[in-house]
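The values are calculated or read from the model by the stated rules, or taken from the named source; none is laboratory data. Nothing here was measured: the structure is a model prediction, and the numbers come from that model. All Cβ positions, even for glycine, are placed from backbone atoms using ideal geometry, and neighbour counts span all protein chains on display. Heads up: the accessible areas ignore ligands, DNA and RNA and are worked out on the full protein's heavy atoms, side chains in. Shrake-Rupley method; radii C 1.70, N 1.55, O 1.52, S 1.80 Å.
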Amino acid sequence: MIAAARLVRHLVWYDLRATRVLSLVWLALVALDLAVLALGPGDVQDEFDRIPIDLFLELGRVLGAAVVTVAIVHRDPLVDVAAFWRTRPIPRITLWASKWVSVLALVVVAPAMLLGVALLAAGLQPGDAARGAVDLAFDHLGVAAVAMALAAPTRSLSQAVIVALGAAVLLISAGMLIDPLLPSWLDYRPAPAPAFSAAVAIILAGLITVLHYVTLRRRLVIGLTSGAALLVVFMMSGQTPFVPQTRPPAPASLVAPGSVEVTLRRSSELWRPLDTTADAGHAFAAPMDVRSADPSLIFVPRLGRTTLHLAGRDAAVWTSVDEPRPDQRRPVTAADTPFAQVSALEKLPPIRPPERADVRANGVSFQVLPSAFAALQAGTASASVAIDFDVHQLQPLFTLPVAVGATAMVPGGRVRVVSVSVRNTDVDVQLHWLRSSQPTGPPAVLYDPTRRWAVAGGTWSARRSATGWWLDLDTTRQSLTFPLPAGARSGTEAGGAPVMSIVMYEQADTGFTYAASIGVSAPTPAP
Amino acid sequence: MAPALQTQNLTRRFGRTEAVRGLTLAIPVGSVCALVGPNGAGKTTTIRLLMNLLLPSAGRSEMLGVDSRRLTAATLARIGYVSEGQVLPEWMSLEQLCAFSAPLYPAWDTALAAQLSRQLMVPAGVPVRAMSRGARMKAALVLALAPRPELLVMDEPFSGLDPLMREEVGDALRATAGSRTVLISSHEVEEVERLADRVAVLDKGRLVFAEPLADMQARFRDVEVACESAPALNSLPPSWLVVEALPGAVRFVDSAFDAASLGAAVEHHLPGGRVTSVQPTSLRRAFLALARDFRSHPA
């Protein structure tokens, strides 16, 4: 064991020495990227000025991690019959271990330590800095694992790139070919947590590289790599699981039954005829107000079975924020109950502004067969619908004055205002968001805290990545745009004192959500 | 004593092509065996099978008593390997390669490595990628010899080298020979003749023969027969190779020379003929005779 450890150390030393130029260049890039991340950008006014820098640094760091990993593996290629290393007295498993140690040291541990130091220098607590460093290490470990799986059965970077491109084409083609063959219920397979999928990918890549080093069966390894990639993509492309029906109902104190109203008007411009077939009937789409006394609640329509009633007859239909399930995609016929769901509940804004206890949904829509429509118009029928919502409770995250340089410490990180500008009637605020996650919804912007007047509708301009890990570009700098409050000319009043504040909320980590069944009723038909 | 290297019915196919066909060969410990044959004879494939760089389609092989497919690091530490097309780590100089390799081999001889580097005049401090082909081969030879291996396997070590370099490499091999077993594949027959004490001839993947070089040299003779009239050459013994009809004479290579019976055989097959010259055959000429004979009589 000691001899093996010495041999690993010997090999690692030569690996690091052989790749020193490339590694130093990459580490310099990493250090620059992490310094910008931790210390924040300057007073950046123009979005076009910052995107290329961020893109360059981020892509350079990630691609560099892959390239350095491939370079380390390819220092001692085991591919081909002319391979020097296959005739040397080095146990292949030791060679494999040395590669992993080299990669871990250079691609995972070194950047994580750099980030930890940078975060400490930025003023974060040691625990938060350590968490950020661990997140970065996990991020790089995923990149390195995939790169190693590509590098092991190849001999050069160009070969590895070709294999990667081939794998991508294979995955896309396989998805297109296999998807129609799968049973429809598989379309709604649950997706595991991204971290779980990443862990599976890392473990599979490690096993595949071991297999290559031990057996040197290149075709088998490439085949298994493709299979593993298919498996991971299949896992990650699953759907968000349906909320189990066994969730506890919301307590009365949380949301009052009957506090949500939707009016189905008998004669309204909200009805529109469907033009697909003569018998398609009419569609109804109505705005819906969700009202609650508690401003910290958000309502998310639940996917799944919803009950409609028409003239006392029940119809079980599905509501969905996207496409109906494949097994629900069928034309409505006269044999159906008069109501059948066709289109979707559009997404409700998942956050509530703090001062007004309402959230406006774009609508709820149904397809109504001609006979039912006629009955509604004639006033001889009434309708109601029950829609389940998940109710999430939010907690304030921070309040930040809208002024350049304003800083707020948040759990696990820090946020700072980088720039504020007024454009026409909008206020643009750019934040340096040094935290592993972003808030769950758009911020509320308070104008004049004494009056507690809120502006809703601030938006994040950046996208959140699938992984949500620490160093995602989207989580490091954020841009808010919200309408300028009436009467305000800028973000500051005379004297420079900030009068606007940003309040952000995020979902409380309560461990569960509530389900509320909210009744929606049509008025009793006029006699 | 078990042979240092042996194969049993070793076969390797590439698609429909049989590169090595049922090769059975044993090389005793301490001998230097030349594996000769024309291009495409299967020499390199055989060595790659022995070194576990290729997997056999059938049969098996052993190196130092270990199945080639299960060569461990401990066994590889006792084997030196030099190959014409071997890829060396290009970023290292020979000194760095030696420093890297030394801890891997229990019997690494640093002094010998330095001596060989000087003797072969391998450029110092130059990375492999900047070396000439000959210098690379010399560097590979230093790396193969410095661990004082019990078994040295060389695949076309003289390929592409100029005569001076061949001489230097040959000298280095002879100087460090000791009691090690050597398998050297080459079509540079003259070079291996000076090194080898055994010879194995391959053609089209098959072993033609394998025997001590002395036995082969005793068995092969260049024979010239004077004939007064033009002889019929259509029913000659199969052991007479490369038969040439000259004005008033016939010349051939006898691959089963027996001084006592040669006169009778000549009398029987070449009536009126008289043996005028019997000379030892060089390995090169024997090899060429065999190769031409196989080309004209593939069966």
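Tabulated values for the structure
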{"quantity": "From phi via Karplus (6.51, -1.76, 1.60), per-residue ³J(HN,Hα) for the stretch B:3-13 in Hz, x at Gly/Pro", "calculated": "x, 6, 8, 8, 10, 10, 6, 5, 9, 9, 10"}
{"quantity": "Residues of the stretch A:150-186 with amide N under 18 Å of the 7 Å Cα→Cβ point at A:Arg218", "calculated": "A:150-167"}
{"quantity": "Karplus-derived 3J(HN,Hα), 6.51/-1.76/1.60, for each residue of the stretch B:118-128, Hz, glycine and proline x", "calculated": "5, 4, 8, 6, 6, x, 7, x, 9, x, 4"}
{"quantity": "For B:Leu54, residues with placed amide H under 5 Å, excluding near neighbours", "calculated": "B:Leu49"}
{"quantity": "Value of relative contact order over chain B, rounded to a whole percent, pairs C-alpha under 8 Å and six or more apart", "calculated": "20 percent"}
{"quantity": "Angle between chain B longest axis and helix B:259-269 axis [Cα atoms, degrees, rounded to 10]", "calculated": "50 degrees"}
{"quantity": "Total accessible area lost when B and A pair, probe 1.4 Å, Å² to nearest 100", "calculated": "2100 Å²"}
{"quantity": "Listing of the stretch A:79-100 residues, each with accessible area lower by at least 30 Å² in the full protein assembly than in the chain alone (probe 1.4 Å)", "calculated": "A:Val81, A:Ala82, A:Phe84, A:Trp85, A:Arg86, A:Thr87, A:Arg88, A:Pro89"}
{"quantity": "For chain B: accessible area per residue (Å², 1.4 Å)", "calculated": "43 Å²"}
{"quantity": "Principal axis box of the stretch B:221-280, alpha-carbon based, largest edge first, Å", "calculated": "25, 20, 20"}
{"quantity": "Accessible surface, 1.4 Å probe, highest first, among residues A:Ile93, A:Ile202", "calculated": "A:Ile93, A:Ile202"}
{"quantity": "In the stretch A:144-234, the chymotrypsin sites (Phe, Trp or Tyr not before Pro) that fall in loop regions by DSSP, at most 14 other Cβ within 10 Å", "calculated": "none"}
{"quantity": "Solvent-accessible area of B:Arg12 with every protein chain in place, 1.4 Å probe, in Å² to the nearest 10", "calculated": "50 Å²"}
{"quantity": "Sum of side-chain charges, B:Leu262 neighbourhood, beta-carbon under 9 Å (Lys, Arg +1; Asp, Glu -1)", "calculated": "-1"}
{"quantity": "Degrees separating the helix B:133-145 axis from the principal Cα axis of chain B, which is the longest one", "calculated": "80 degrees"}
{"quantity": "Pairwise FRET efficiency - A:Val161 versus A:Val233, Cβ, R0 = 25 Å, nearest 0.05", "calculated": "0.85"}
{"quantity": "Sequence-distant residues sharing a close amide H with B:Val20 (under 5 Å, placed H)", "calculated": "B:Arg12"}
{"quantity": "Per residue convex hull volume, Cα atoms of the stretch B:106-161, in Å³", "calculated": "88 Å³"}
{"quantity": "Surface accessible to a 1.4 Å probe, B:Phe252 within the full protein complex, Å²", "calculated": "0 Å²"}
{"quantity": "Charge sum, other residues only, whose C-beta stays under 11 Å from B:Val182's C-beta, Lys/Arg counted +1 and Asp/Glu -1", "calculated": "+1"}
{"quantity": "Gain in span if fully extended, B:Arg13 to B:Ser296, counting 0.36 nm per residue against the direct Cα distance", "calculated": "99.5 nm"}
{"quantity": "Rounded to 5, percent antiparallel among DSSP beta bridges of chain B", "calculated": "65 percent"}
{"quantity": "At most 15 other Cβ within 10 Å, DSSP loop - trypsin sites (Lys or Arg not before Pro), the stretch A:129-226", "calculated": "A:Arg217"}
{"quantity": "Potential lengthening between B:Ala245 and B:Ala259 on full extension [0.36 nm per residue; Cα-Cα distance subtracted]", "calculated": "2.9 nm"}
{"quantity": "Separation of the A:Val117 and A:Ala28 label points, Cα + 7 Å toward Cβ, nm", "calculated": "1.6 nm"}
{"quantity": "Global geometry of the stretch B:5-214, whether rounded, prolate or oblate, following the gyration tensor of its Cα atoms and the 1.5 cut on a/c", "calculated": "prolate"}
{"quantity": "Amide hydrogen neighbours beyond the local backbone of A:Gln125, cut-off 5 Å, H modeled", "calculated": "none"}
